[in-house]
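One structure is given below, encoded as structure tokens.
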Amino acid sequence: MSYVVKMLYQSHQIGKVETLVRVLQEENWERKLKLAHANGISLKSRDENGETILMRASRMNRLDVVKFLAEKCKVDVNQEDDHGQKAFHVTSNEEIQIYLLQHGTNVHEIMLCFAALDNRLHVVDTLIGLGFDVNFRDPQGDTTLTLCKSADDYKLKKMITLLKNNGATI
């Protein structure tokens, strides 16, 4: 067993993802993770907060690693940490959010409101395409369109148009 596999195996044995995270920062991360995966090291390990390597890769905005873990290692994109967060929630990268949605991440309808208010046109468009209700009401009874209009932000003009074009009402 190579040094890398031993190191990753020991990391896995003590339930830490820190070593795996360090590997992500190296040039040959893919070879090392493939080697670890081929040697039976689970890439589903969690840190002390329940965060997985997929969540860390997502937080680090590493779309290449997210794709590798989801496609090659079949890591569950719906795993939650101790706070109910998924890889989708911990990234600020729109491409990663869209990728995760297209690969089965389940998120609550309220995410449409959050994405709209963050002016994430592509994420909102993807959510609508996945069947999210553009007229979903938040706990206060407001629709996404109502929230966008009340924000009175000129940057949300395209978002408001997108929502209206998809049947959103106040």
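Among what's in the stretch 19-29 and is open to solvent by less than 70 Å² (accessible area, probe 1.4 Å) and not polar (S, T, N, Q), pick the residue that is modelled with the highest pLDDT.
Checked the stretch 19-29; the qualifying residue modelled with the highest pLDDT is Trp29.
List pairs: first in the stretch 157-170 and crowded, with 17+ Cβ neighbours inside 10 Å, second acidic (Asp, Glu), Cβ under 7 Å, 6+ apart or cross-chain?
That search, which allows pairs on different chains as well, returns Leu162/Asp125.
Are there helices (runs of 4 or more DSSP H) fully within the stretch 37-156 with at least 2 residues that are out of contact with any Cys (no Cβ under 7 Å at 6 or more places or on another chain), open to solvent by less than 30 Å² (accessible area, probe 1.4 Å) and in contact (Cβ under 8 Å) with a residue 40 or more places away in the chain? List them.
Of the helices (runs of 4 or more DSSP H) lying wholly inside the stretch 37-156, none has at least 2 residues that are out of contact with any Cys (no Cβ under 7 Å at 6 or more places or on another chain), open to solvent by less than 30 Å² (accessible area, probe 1.4 Å) and in contact (Cβ under 8 Å) with a residue 40 or more places away in the chain.
Would you pick out the residues in the stretch 58-116 that are over 17 Å from Leu43 (Cβ atoms), β-branched (Val, Ile, Thr) and in contact with a His (Cβ under 7 Å, 6 or more places away or on another chain)?
Ile98
The values are calculated or read from the model by the stated rules, or taken from the named source; none is laboratory data. Only a predicted model underlies this, so the values are computations on that prediction, with no experimental measurement involved. Reconstructed Cβ throughout: ideal geometry from the backbone, glycine too, with neighbour counts over all protein chains shown. When the accessible area is computed, the model is the full protein with side chains, heavy atoms only, and any ligands, DNA or RNA have been set aside. Shrake-Rupley method; radii C 1.70, N 1.55, O 1.52, S 1.80 Å.
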